[in-house]
Amino acid sequence: MQTILAIETSTELASAALLRDGHMIARESAGVQTHSLAILPMVQSLLAEAGISLAQCDALAFGVGPGSFTGVRTACGIVQGLAFGADLPVLPVVTLAAMAQACRDLNGAGEVLAVLDARMGEVYWAQYRFADNQWQVIVEPTLSAPSEVSPLSTETGVLQACGNGLAAYPGAFVAASFAAGGLPAVMPNARQIAQLGSVALVQSHGRGLSAVEAQPLYLRNKVALTTAERAAKVKP
């Protein structure tokens, strides 16, 4: 049986989870200004509740992105430090895939469109299908304007959309059929990071990545608009 410690800080919600022998315990902290200050106490609390040390974990999973530039760097940096110190493998998990898993946990969805607010008038999005007991990527993680979100047709005709991108840009999705039953409250969480990390550990035959190999997934080079760009966005 596996013991996976997972952290996720790509959005406003910081979370940590410990999946041990099929049993999940988790911690969350919303609205914190610095996730780096919240995560380590949560990790320590999880390990104390489980009665184990970090070295007794089999691997460390983290939300690799896309998401907040600072947030994904925070998760990567913390996991690198923990993994290096305890000599543990690292399991990067795409945040949008974690959202797909959250939908499946919630209502059994097998076709999911994950849409995450990327700020600056854009969204991160990807499309997934659950088949053969695993998630398949139908549309790779993409950065685009909300109006350019264009999922492919599904095998079942049912596509579960989720993520705060739906609520951030409602006008762009008002005519989209997938948005009618969307779940904007579904967001990346360490619970699903741990679940998918467990799958990745099996697929990698227990090896994962080294701490040095763990790197954030960035889809955008710019992290802020210039003054002129902000002004242009508010012009009638």
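Tabulated results
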{"read-out": "Value of Rg to Rh for the stretch 79-135 (Rh from inverse mean 1/r over Cα pairs, i.e. Kirkwood)", "value": "1.12"}
{"read-out": "Most fluctuating residue given options G171, G182, G51, as computed from a GNM of the chain linking Cα atoms under 10 Å", "value": "G51"}
{"read-out": "Cβ crowding within 10 Å averaged over residues, with 188-201, 139-152, 156-169 ranked highest first", "value": "188-201, 156-169, 139-152"}
{"read-out": "Listed residues G121, T95, A161: farthest to the positive end of the dipole of the stretch 49-163 (Cβ charges)", "value": "G121"}
{"read-out": "Label-to-label distance, nm, for residues given as S144 and S177 (7 Å Cα→Cβ offset)", "value": "1.7"}
{"read-out": "Order by protection proxy (mean Cβ within 10 Å, highest first), peptides 84-93, 203-212, 7-16", "value": "7-16, 84-93, 203-212"}
{"read-out": "For the stretch 27-149, with +1 on Lys and Arg beta carbons and -1 on Asp and Glu, the positive-most of S29, V64, A131 along the dipole", "value": "S29"}
{"read-out": "Helical mean residue ellipticity (222 nm; -39500 (n - 2.57) per DSSP H run of 4+; nearest 500) of the chain", "value": "-10000 deg cm²/dmol"}
{"read-out": "Under the Karplus curve 6.51 cos²θ - 1.76 cosθ + 1.60, θ = phi - 60°, whole-Hz ³J(HN,Hα) for the stretch 186-199, x wherever Gly or Pro sits", "value": "6, 9, x, 8, 4, 4, 6, 4, 5, 4, 6, x, 4, 5"}
{"read-out": "12 Å beta-carbon shell around V90, net charge (K/R +1, D/E -1)", "value": "-2"}
{"read-out": "Potential extension, Q203-E155 segment - 0.36 nm per residue separation minus Cα distance", "value": "14.7 nm"}
{"read-out": "The chain: most fluctuating residue of M187, M99, M120 per GNM, C-alpha cutoff 10 Å", "value": "M120"}
{"read-out": "Listed residues A175, A61, A83, most fluctuating in the chain (Gaussian network, C-alpha, under 10 Å)", "value": "A175"}
{"read-out": "Amide H partners (placed H, <5 Å) of G163, local residues excluded", "value": "V115, L183, A185, V186"}
{"read-out": "Long-range amide H partners of A61 with built H, under 5 Å", "value": "L5, A6, I7, L91"}
{"read-out": "Solvent-accessible surface (1.4 angstrom probe) belonging to F173, in square angstrom, nearest 10", "value": "10"}
{"read-out": "Table column - 3J(HN,Hα) (Hz), the stretch 59-70, Karplus curve with 6.51, -1.76, 1.60, x for Gly and Pro", "value": "6, 10, 10, 8, x, 7, x, x, x, 4, 4, 5"}
{"read-out": "Test item: Cα-centred dipole of the chain, Lys/Arg +1 and Asp/Glu -1 on Cβ, debye", "value": "560"}
{"read-out": "Entry for Rg/Rh (Cα atoms, Kirkwood Rh) (calculated from the structure that is shown) out of (1) 1.02; (2) 0.98; (3) 1.06", "value": "(2)"}
{"read-out": "Dipole magnitude of the stretch 75-190 about its Cα centre (Cβ charges: Lys, Arg +1; Asp, Glu -1), debye to nearest 20", "value": "160"}
{"read-out": "In Hz, Karplus ³J(HN,Hα) per residue of the stretch 95-108 (6.51, -1.76, 1.60; θ = phi - 60°; x = Gly, Pro)", "value": "4, 5, 5, 5, 5, 4, 5, 5, 5, 5, 4, 7, 9, x"}
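The values are calculated or read from the model by the stated rules, or taken from the named source; none is laboratory data. Just so it is clear, the model here is predicted, and its values are computed rather than measured. Positions of Cβ are backbone-derived with ideal geometry, glycine not excepted, and every protein chain shown enters the neighbour counts. Heavy atoms of the whole protein, side chains included, go into the accessibility calculation; ligands, DNA and RNA do not. Shrake-Rupley method; radii C 1.70, N 1.55, O 1.52, S 1.80 Å.
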